[in-house]
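The values are calculated or read from the model by the stated rules, or taken from the named source; none is laboratory data. Here the structure is a predicted model, which is why all the values come from computation and not from measurement. When we count neighbours, we look across all protein chains shown, and the Cβ atoms used for this are built from the backbone with ideal geometry, even at glycine.
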C-alpha cells in the first residue's frame with residue numbers, strides 16, 4: 001500500500017542530474033530498490049541502541065540514534081521560501097512548554113499574518129502507525145500533521161500554521177503538497 005501512495009515513486013522518474021542534487025549513488029539505489037521490492041538489505045545484527053536489526057534493515061527508519069532527517073527537511077522548506085525572509089526556530093514563538101515551530105516568515109504570508117511551519121518525519125512502519133498504514137496510504141503523515149496542528153493551535157490567532165509531515169517511505173500530508 002505504501003508504494004501506491006501519491007508521489008511515492010516519483011524518484012523513479014527523476015533525471016539523474018548531479019549538479020541539481022538529483023543523482024542517487026549506487027548504495028542509495030540499492031537500498032531504495034530493495035525497500036520497494038521487499039528484499040534483504042543487510043545481515044541481521046544488533047543496533048547501537050540495542051535493538052535487533054532484521055535482514056530487511058527497517059529498524060533504521062525508527063531508531064532514535066539514526067541520523068536526523070528533520071534538520072535537512074527543515075532547511076529545504078526554508079530554502080524553498082528563499083524569496084521571502086525567514087527565521088528558523090524563532091525565539092518569540094515559544095509555547096508555555098518551550099516548544100516552538102521550525103520556521104517563521106518575517107513578512108506577512110496571507111491575511112496579514114506571517115507563516116509558521118513545523119516539520120516532522122514519521123515512519124509508517126513504526127508499531128504506532130503500521131496497522132493504519134497497511135490499508136491507508138499516507139495515514140501516518142496525516143496523523144502526524146493533525147498532532148502538529150493541535151500542538152500549535154494557539155498560534156492560529158496571529159499566524160498561519162503549516163504542518164509538514166513526511167513519511168520516510170515517500171509521502172507527506174495533503175496540505176504540505178500545496179505549500
From (1) in a loop (DSSP other than H, G, I, E, B); (2) modelled with pLDDT under 85; (3) more than 16 Å from the chain's Cα centre (by Cα); (4) surrounded by 15 or more Cβ atoms within 10 Å (Cβ to Cβ), pick out the condition that doesn't hold for residue 125.
(3)
Do we have residue 70 as modelled with pLDDT under 85 and within 30 Å of residue 32 (Cα to Cα) here?
yes
So, residue 35, is that one in a helix (DSSP H, G or I), out of contact with any strand residue (DSSP E or B) (no Cβ under 9 Å at 6 or more places or on another chain) and within 25 Å of residue 59 (Cβ to Cβ) or not?
yes
Complete set of residues in region 151-175 that are under 10 Å from the mean Cα position of the chain (by Cα), part of a loop (DSSP other than H, G, I, E, B) and either modelled with pLDDT of 90 or more or over 16 Å from residue 61 (Cα atoms) (or both)
173
Could you figure out which of (1) more than 17 Å from the chain's Cα centre (by Cα); (2) part of a helix (DSSP H, G or I); (3) within 30 Å of residue 54 (Cα to Cα) isn't true of residue 136?
(2)
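Residue-wise test of (1) more than 30 Å from residue 36 (Cβ to Cβ); (2) surrounded by 14 or more Cβ atoms within 10 Å (Cβ to Cβ); (3) modelled with pLDDT of 90 or more.
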| site | (1), (2), (3) |
| --- | --- |
| 103 | yes, yes, no |
| 109 | yes, yes, no |
| 121 | no, yes, no |
| 133 | no, yes, no |
| 140 | no, yes, yes |
| 148 | no, yes, yes |
| 177 | no, no, no |
Test residue 86 against the stated conditions and say whether it is buried (at least 19 other Cβ atoms within 10 Å of the Cβ), more than 16 Å from the chain's Cα centre (by Cα) and farther than 30 Å from residue 57 by Cα.
yes
Can you tell me how many residues in region 1-32 are surrounded by 13 or more Cβ atoms within 10 Å (Cβ to Cβ) and without any contact (Cβ under 8 Å) to a residue 12 or more places away in the chain?
3
In the set 60, 50, which member is in contact with a strand residue (DSSP E or B) (Cβ under 8 Å, 6 or more places away or on another chain), free of Cβ contacts under 8 Å to residues at least 24 places away in the same chain and either in a loop (DSSP other than H, G, I, E, B) or closer than 19 Å to residue 129 by Cα (or both)?
60
Which condition from (1) within 17 Å of residue 114 (Cα to Cα); (2) free of Cβ contacts under 8 Å to residues at least 40 places away in the same chain is the one that residue 147 breaks?
(1)
What is the one condition in (1) assigned to a loop (DSSP other than H, G, I, E, B); (2) modelled with pLDDT of 80 or more; (3) out of contact with any helix residue (DSSP H, G or I) (no Cβ under 8 Å at 6 or more places or on another chain) that residue 40 does not satisfy?
(3)
